[in-house]
1. Answer with a single label: of [x] 20.6; [y] 19.9; [z] 19.3, which was calculated as Kirkwood radius over Cα pairs in Å from the structure in view?
2. Looking at the chain as a GNM with Cα springs under 10 Å, which of T53, T237, T218 has the largest mean-square fluctuation?
3. Order of I159, I226 from fewest to most other C-beta atoms within 10 Å?
4. Give the relative contact order (percent, whole number) for the chain; include only Cα pairs under 8 Å separated by 6+ residues.
5. For the chain, compute the number of Lys pairs whose alpha carbons are separated by less than 30 Å, excluding pairs fewer than 8 positions apart on the same chain.
6. Please work out whether the range 1-139 counts as rounded, prolate or oblate from its C-alpha gyration tensor, where a ≥ b ≥ c are the square roots of the eigenvalues and a/c under 1.5 means rounded, while otherwise a/b larger than b/c means prolate and anything else oblate?
7. Please work out whether the range 185-258 counts as rounded, prolate or oblate from its C-alpha gyration tensor, where a ≥ b ≥ c are the square roots of the eigenvalues and a/c under 1.5 means rounded, while otherwise a/b larger than b/c means prolate and anything else oblate?
8. Springs between alpha-carbon pairs under 10 angstrom, Gaussian network model over the chain: which of V126, V93, V33 fluctuates most?
Amino acid sequence: MTDRLMLLDTASLYFRAFYGVPDKVRADDGTSVNAVRGLLDMIAKLVTTYEPTRLVACWDDDWRPAWRVELLPSYKTHRVAEAVATAPDVEVVPDPLEAQIPLIREALGVLGIPVVGAAEHEADDVIGTLATRATVPVDIVTGDRDLFQLVDDERDVRIVYTARGMSNLEVVTDATVVAKYGVHAAQYADFAVLRGDPSDGLPGVSGIGEKSAATLLTAHGDLAGIAAAVEDGTGGTPAQRAKILAAADYLAKAPAVVRVVRDLALPDHDDVLRPLDEDAAARATDLATRWNLGSSMTRAVAALAR
């Protein structure tokens, strides 16, 4: 089996599980467990389908870092439930899902899957760092287009994209990004800055849509190249140049918000996938019994045993 690292954008997956798995089966105390069961089923399918030898659950220690908000105050504003001065802001998370998050971490623990986060950084930054450091092929599992910027065919870093559901997973390579957006994966962060992304509170450059952004990046390579061409009067149309000049302050700050961090100091962790030993298997069985995780835990354990 080829050595391959799989990095989970964990919050992306458990949100998808929560909204995608009917809330019919609950623990004995009435606690919803649909997100936990759904995530376990996802892990079972991903491990069985893509056969990673290493697996990390990447975690949002801070889903909306203050340093990103300082650069771009609109960043994820629409998802803030409560602003906190001395800690990460509270994200809008349905109560039944919030109650399952500690159980999700416990389930990952009994399966031997390391949960890795970094203070003042998002899971995207953990993923960016681990993917950049990896010496083996990498699959990044996410429903977030922002991570397309990490696709690297030469190093065999690809995205397993979940946006169309677990029954219709899409493997994203550089050719996929080019076909969808007209830019290479290495240009995707600059493309997102220009186009904007309402889901992240990223306004983009007013009047510059996907086609214009792709055309400018194809002609000039990156934002620096576009800025130089605009300055000397050769970049885009006169109307586009005016719009880019008007957005100069935004364009000076937004790239640092959109580009994932690739050089975090992360805690040591063992990411090698192994079948559960007798003690771990007993703890997995106990957890499944206590929380009515049933066949979902069984499938996850069986997948790891492969």
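What follows draws every value from the coordinates through simple rules; no lab data is involved. Not measured: the values here are computed from a predicted model. A quick note on method: Cβ atoms are made from the backbone with ideal geometry, for glycine too, and the neighbour counts reach across all protein chains shown.
1. Given [x] 20.6; [y] 19.9; [z] 19.3, the calculated one carries the label [x].
2. T237
3. I226, I159
4. Details: 519 pairs, mean separation 73.6, N = 306.
Across the chain, relative contact order equals 24 percent.
5. Pairs that pass both the separation and distance tests number 12.
6. Oblate.
7. Numbers: a/c = 1.57, a/b = 1.38, b/c = 1.14.
Prolate is the answer for the range 185-258, as a/c is 1.5 or above and a/b outweighs b/c.
8. V93
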